Amino acid sequence: MPTIQKIHHVAYRCKDARQTVLWYEKYLNMKFVLAIAEDKVPSTGAPDPYMHVFLDAGGGNILAFFELPTCPEMGRDPSTPAWTQHLALQVASVDELLTTKARLQADGIDVVGPTDHTIFKSIYFFDPSGHRLELAANTGTARMSERLDAVKWAMLDEWAVTKKAPQHARWMHDGSSQTESVAGPVGNAAAAP
């Protein structure tokens, strides 16, 4: 059984590799670290020319894109809502989140948020290829993490049976997280507000 050390890279398709590199450098301060181009796919041998670009997403994480000029125009799964599939990237603070939002909006890029998820705040926007991106700044406490950790399996098990949102962590959405007590109960689904 392998021991996963980290994500080596995550790869998406893009409409234009050069435009993608420049956009991610400009708006997300990601450094362009590698380009690989082939006329055949190494893993399958398929005659499918591509440009594969790699960007530094911080912390040893790499975000990569393929431009595939001989393939049909890229699309997305029409059965999946546009908000579902996205790449969430962490930033250092809510201030950095707001500064990035202002820079994106100044160039005419639509931004949703900040959205308060209790344990982090996020903004959402799309890159030039139509990929939904989320920038998130952590705002949760150690106590919140403990409470969520204590109910994760109960929530997953209930969801597997009912396919309805379990209420074990309702405090994240009903406003009671603002008055959370450090000494409050941990984990008991019935005790969590």
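Within region 78-134, restricting attention to residues that are closer than 26 Å to S176 by Cβ and assigned to a loop (DSSP other than H, G, I, E, B), the residue that is modelled with the lowest pLDDT is W83.
For the structure I just gave you, tell me whether V10 is within 28 Å of Y124 (Cβ to Cβ) and loosely packed, with under 13 Cβ neighbours inside 10 Å.
The answer is yes for V10.
What is the residue count in region 126-175 for residues that are among the basic types (K, R) and buried (at least 16 other Cβ atoms within 10 Å of the Cβ)? Residues meeting the conditions: 2. Checked against the criteria, K40 counts as surrounded by fewer than 16 Cβ atoms within 10 Å (Cβ to Cβ) and not aliphatic (A, V, I, L, M).
Scanning region 110-125 for residues that are more than 23 Å from K26 (Cβ to Cβ) and either surrounded by fewer than 17 Cβ atoms within 10 Å (Cβ to Cβ) or among the hydrophobic types (A, V, I, L, M, F, W, C) (or both) turns up T115, D116, H117, I119, F120.
Look at T70 and say whether it is within 16 Å of L133 (Cα to Cα) and of a type in the set (S, T, Y). The answer is no for T70. If the condition is being surrounded by fewer than 13 Cβ atoms within 10 Å (Cβ to Cβ) and either part of a helix (DSSP H, G or I) or in the same structural domain as R103 (by TED's automatic domain parsing) (or both), then region 20-37 contributes only K26. Within region 46-75, the set of residues being loosely packed, with under 12 Cβ neighbours inside 10 Å and not small (G, A, S) comprises P47, P69, T70, P72, E73. Could we say that F126 is outside the structural domain of H8 (by TED's automatic domain parsing), of a type in the set (F, W, Y) and within 30 Å of V41 (Cα to Cα) here? Yes.
The values are calculated or read from the model by the stated rules, or taken from the named source; none is laboratory data. All values reported here derive from a predicted model rather than from experimental measurement. Cβ coordinates were reconstructed from backbone atoms using ideal geometry, including for glycine residues, and neighbour counts include every protein chain displayed.
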